[in-house]
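Asks: Shown below is the structure under consideration.
The values are calculated or read from the model by the stated rules, or taken from the named source; none is laboratory data. Since the model is a prediction, treat every value here as computed from it, not as a measurement. Quick reminder, even Gly has a Cβ in these numbers, built from the backbone with ideal geometry, and neighbours come from all protein chains shown. Note: areas computed on protein heavy atoms with side chains; ligands, DNA, RNA excluded. Shrake-Rupley method; radii C 1.70, N 1.55, O 1.52, S 1.80 Å.
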Amino acid sequence: MSKEAPLSLAERDFILDAVREGVRLDGREVDQLRPLRISFGREYGHVKVQLGKTSLVSRISAEVTKPRDDRPFDGVFNIAMELTAMGSPAWENGRQGELEPYVTHVLDRVIRHSNALDTESLCILKGVSCWSIRADVHVTDYDGNLIDAACIGIMAGLQHFRRPDAVVKDGQVIVYGVEERVPVPLNITHKPLSVTFHTFCDGKRVVYDATRKEEQASEGDLVMGINNAGDLCFVSKFAGAPVDAMTLITRSSVALNKVKEINGMIDKALQSDLAERAKKGLAEESRAENDRIIA
Amino acid sequence: MATPVYLLPGDEVPSDRLPPTSNAPLRLGPGLRLLSKSHSRSTKAAPSDHVIVATEAGLLKTDLKRNAASVLTFPNRRYIATPNDLVIAQIHHSSQDYFHCMVTPHAPHALLGQLAFEGATKKTRPMLKQGDLVYARVLSVGVGAGAEVELACVNPATGKAEPGGLGPLTGGMVFDVSVGTAARLMKGSSASAANQQDPVDGLVVLEELGKKLESIGGFEIAVGRNGKVWVDCSNGGDSAIRATVAIGRCLTMIDDHDLSPIDQKKAIARILKEMKLDL
């Protein structure tokens with residue numbers, strides 16, 4: 001039973017009729033995001049994302065490794081996502097369904113291949129040691145639009161994460177503990193996010209942030225990866241009827257607005273989390289400018 | 001009203017809280033089970049050797065009119081089939097004698113006899129295909145692990161679709177709510193006006209929606225104990241889809257938030273306004 005339970009005919013027909021009228025089951029507009037909540041855990045790089053009823057936890061971690069032989073100046077960045085039975089009864093532990101490779105591929109393209117995280121800054125000593133950053137995504141509840149939610153989780157995590165400081169002294173790599181030295185934020189070059197639309201009615205209707213039922217009734221999806229500057233770093237449309245070129249262009253401008261809106265929400269969540277940490281006195285330690293101003 | 005009785009799984013139901021003994025047998029609803037006392041050695045079991053034990057946590061509910069008792073659970077989402085429950089099942093596939101139905105997704109299929117419909121014969125039986133919905137009654141749940149749940153759309157004793165409305169559901173839309181909310185919706189439909197003030201039973205949502213949506217032609221509804229609610233507004237003309245969506249939103253909202261009857265009415269008014277249905 002590793003497959004998603006099929007929709008009943010009544011549900012499918014109704015969702016299609018409703019989309020044709022521009023009505024959605026939860027009363028949203030066609031281009032409206034579900035309520036999004038981003039919260040951070042106690043440690044750096046621990047993010048909880050709640051998008052409607054889809055919820056996930058992403059966790060960024062770092063360790064020192066040897067760089068790859070062909071890229072001695074580059075650090076390592078990996079995204080690990082496993083869909084376990086915790087997220088949905090349709091998923092089985094240890095068995096890969098159709099969704100998992102697809103979501104991982106899109107995340108890889110949007111975040112890793114677009115160089116959102118500057119891997120060169122992760123190099124500690126050429127060819128000898130570098131940081132390996134790993135992003136784990138755990139889905140805790142699934143109600144559609146996993147790609148966008150995971151993307152938000154990873155990007156927020158990368159911006160929130162602080163890695164321990166490391167220096168090279170006489171050819172020796174010294175990694176300082178979080179208590180010894182102020183941990184360093186990662187070098188983010190740009191903030192791409194994915195925006196997933198689903199197509200209905202032979203590609204004539206395009207709906208943003210579909211729920212699980214809407215996804216099941218749809219013909220196919222259209223994923224765009226865009227950053228705040230409007231650079232399109234990923235577009236995919238693997239299934240469904242062809243979508244008009246004009247629709248694609250208008251959707252991309254919609255997607256840009258969405259990315260700006262969501263990035264704004266991430267920034268706000270990050271800032272309020274930082275303010276919260278400052279209250280606890282943690283930010284006093286983690287503020288880098290202190291040393292410089294005094295020195 | 002007497003103080004409510006809260007039960008945990010394994011708790012014995014105090015006999016003074018059950019409906020007073022009458023000639024009619026006591027009907028046990030979901031969450032209750034009749035067990036014989038283990039320490040009694042006598043082969044002839046007297047009635048007092050039996051106790052009624054809760055199998056689910058919740059509030060004891062008694063119905064004097066029907067001489068019935070059941071446990072109203074918290075709004076969980078796991079449905080455990082109990083005989084005589086009304087459920088909305090989805091046909092998964094059909095075989096020689098049975099339709100194999102999904103009552104809960106990703107759970108073993110339930111069986112629905114090909115001829116277990118009102119007036120069905122070999123020639124007139126309904127031809128249901130994959131994805132069709134039926135409103136059915138749980139006939140038996142079997143005993144032990146791996147037992148199959150059997151459904152029927154007809155009362156085997158009378159050959160009628162009792163209670164009315166059992167059978168295939170065409171058109172409309174299905175909304176998912178928690179099992180607890182579905183039970184409360186069922187209670188609400190059979191409850192008297194006095195019961196409506198009960199904070200636990202008090203789901204005024206269906207009555208309120210019925211009043212408000214009368215002008216567009218009303219709606220049909222079927223509540224399944226497995227947490228599914230089927231809604232059809234096909235009389236609604238142009239606003240049929242919006243009305244159905246509005247009903248679904250009201251139901252999911254009441255499911256997500258614990259609302260008092262007044263708040264329920266306010267929320268319904270707000271949703272109808274948002275869906276441009278406040279005529």
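Asks: Name the one entry in A:Gly87, A:Gly94, A:Gly41, A:Gly75 that is at positive phi and more than 10 Å from every other protein chain (Cβ to nearest Cβ).
Replies: Numbers: A:Gly87 fails: at positive phi; A:Gly41 fails: at positive phi; A:Gly75 fails: at positive phi.
Result: A:Gly94 is the single residue among A:Gly87, A:Gly94, A:Gly41, A:Gly75 that is at positive phi and more than 10 Å from every other protein chain (Cβ to nearest Cβ).
Asks: Can you say whether A:Val184 is β-branched (Val, Ile, Thr) and either within 25 Å of A:Arg68 (Cβ to Cβ) or touching a residue at least 40 places away in the same chain (Cβ under 8 Å) (or both), as far as the supplied structure shows?
Replies: Working: β-branched (Val, Ile, Thr): yes; either within 25 Å of A:Arg68 (Cβ to Cβ) or touching a residue at least 40 places away in the same chain (Cβ under 8 Å) (or both): yes.
Against the criterion (β-branched (Val, Ile, Thr) and either within 25 Å of A:Arg68 (Cβ to Cβ) or touching a residue at least 40 places away in the same chain (Cβ under 8 Å) (or both)), A:Val184 qualifies.
Asks: When both residues are 6+ apart or on different chains and their Cβ atoms are under 7 Å apart, which pairs have a first residue that lies in the stretch B:226-244 and is within 11 Å of another protein chain (Cβ to nearest Cβ) and farther than 16 Å from B:Glu214 by Cβ, and a second that is in a helix (DSSP H, G or I) and modelled with pLDDT of 90 or more?
Replies: These pairs meet every condition: B:Ile241/A:Asp17; B:Ile241/A:Ala18; B:Ile241/A:Glu21.
Asks: A follow-up question, please. Just to confirm my filter: which strands (runs of 3 or more DSSP E) fall fully inside the stretch A:195-257 and include at least 2 residues that are among the hydroxyl-bearing types (Ser, Thr, Tyr)? It would help to see each step written out before you state the result.
Replies: Working: elements: A:205-208, A:220-226, A:232-236.
In the stretch A:195-257, no matching strands (runs of 3 or more DSSP E) lie anywhere.
Asks: Then there is this: Can you pull out every residue in the stretch B:105-127 that is open to solvent by less than 40 Å² (accessible area, probe 1.4 Å) and either among the hydroxyl-bearing types (Ser, Thr, Tyr) or under 20 Å from B:Ala161 (Cα atoms) (or both)? If you could, list the steps in order and put the result at the bottom.
Replies: Applying the first criterion (open to solvent by less than 40 Å² (accessible area, probe 1.4 Å)) to the stretch B:105-127 yields B:107, B:110-114, B:116-117, B:120, B:126.
Matches in the stretch B:105-127: B:Ala110, B:Leu111, B:Leu112, B:Gly113, B:Gln114, B:Ala116, B:Phe117, B:Ala120, B:Pro126.
Rundown of residues vs (1) open to solvent by 20 Å² or more (accessible area, probe 1.4 Å); (2) at pLDDT 90 or above, yes/no style:
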| residue | (1), (2) |
| --- | --- |
| A:Arg109 | yes, yes |
| A:Ser132 | no, yes |
| A:Thr140 | yes, yes |
| A:Asp143 | yes, yes |
| A:Pro164 | yes, yes |
| A:Val178 | yes, no |
| A:Thr189 | yes, yes |
| A:Phe197 | no, yes |
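Asks: So, one more: Go through the residues of the stretch B:128-148 one by one and say whether even a single one is within 14 Å of chain A (Cβ to nearest Cβ) and open to solvent by 40 Å² or more (accessible area, probe 1.4 Å).
Replies: Checked against the condition, which is being within 14 Å of chain A (Cβ to nearest Cβ) and open to solvent by 40 Å² or more (accessible area, probe 1.4 Å), the stretch B:128-148 yields at least one hit.
Asks: Also, I was wondering about something else. On the given criteria, is A:Val64 open to solvent by less than 50 Å² (accessible area, probe 1.4 Å), on the phi < 0 side of the Ramachandran plot, away from chain B (no Cβ under 14 Å) and β-branched (Val, Ile, Thr)? Write out each step before concluding.
Replies: Numbers: open to solvent by less than 50 Å² (accessible area, probe 1.4 Å): no; on the phi < 0 side of the Ramachandran plot: yes; away from chain B (no Cβ under 14 Å): yes; β-branched (Val, Ile, Thr): yes.
No, not satisfied.
Asks: Related question: Identify all residues within the stretch A:7-38 that are open to solvent by less than 50 Å² (accessible area, probe 1.4 Å), within 14 Å of chain B (Cβ to nearest Cβ) and either touching a Pro at 6+ places or on another chain (Cβ under 8 Å) or assigned to a loop (DSSP other than H, G, I, E, B) (or both); write none if there are none.
Replies: If the condition is that a residue be open to solvent by less than 50 Å² (accessible area, probe 1.4 Å), within 14 Å of chain B (Cβ to nearest Cβ) and either touching a Pro at 6+ places or on another chain (Cβ under 8 Å) or assigned to a loop (DSSP other than H, G, I, E, B) (or both), then A:Leu7, A:Ser8, A:Gly22, A:Val23, A:Arg24, A:Leu25, A:Gly27, A:Arg28, A:Val30, A:Arg34 are the ones that fit.
Asks: Strands (runs of 3 or more DSSP E) wholly in the stretch B:58-168 with at least 1 residues that are at pLDDT 90 or above - which ones?
Replies: Working: elements: B:58-63, B:68-73, B:86-94, B:98-102, B:110-113, B:133-140, B:150-152.
The qualifying strands (runs of 3 or more DSSP E) are B:86-94, B:98-102, B:110-113, B:133-140, B:150-152.
Asks: Listed residues A:Val76, A:Val64, A:Val49; which is among the β-branched types (Val, Ile, Thr), in contact with a Ser or Thr (Cβ under 8 Å, 6 or more places away or on another chain), touching a residue at least 12 places away in the same chain (Cβ under 8 Å) and under 17 Å from A:Thr196 (Cβ atoms)?
Replies: Numbers: A:Val76 fails: under 17 Å from A:Thr196 (Cβ atoms); A:Val64 fails: under 17 Å from A:Thr196 (Cβ atoms).
From the options A:Val76, A:Val64, A:Val49, the qualifying one is A:Val49.
Asks: Return the total of residues in the stretch B:252-264 being more than 11 Å from every other protein chain (Cβ to nearest Cβ) and open to solvent by less than 90 Å² (accessible area, probe 1.4 Å). It would help to see each step written out before you state the result.
Replies: At the first step, the residues of the stretch B:252-264 found to be more than 11 Å from every other protein chain (Cβ to nearest Cβ) are B:254-255, B:257-264.
Then drop every residue that is not open to solvent by less than 90 Å² (accessible area, probe 1.4 Å), which leaves B:254-255, B:259-261, B:263-264.
Final tally of qualifying residues: 7.
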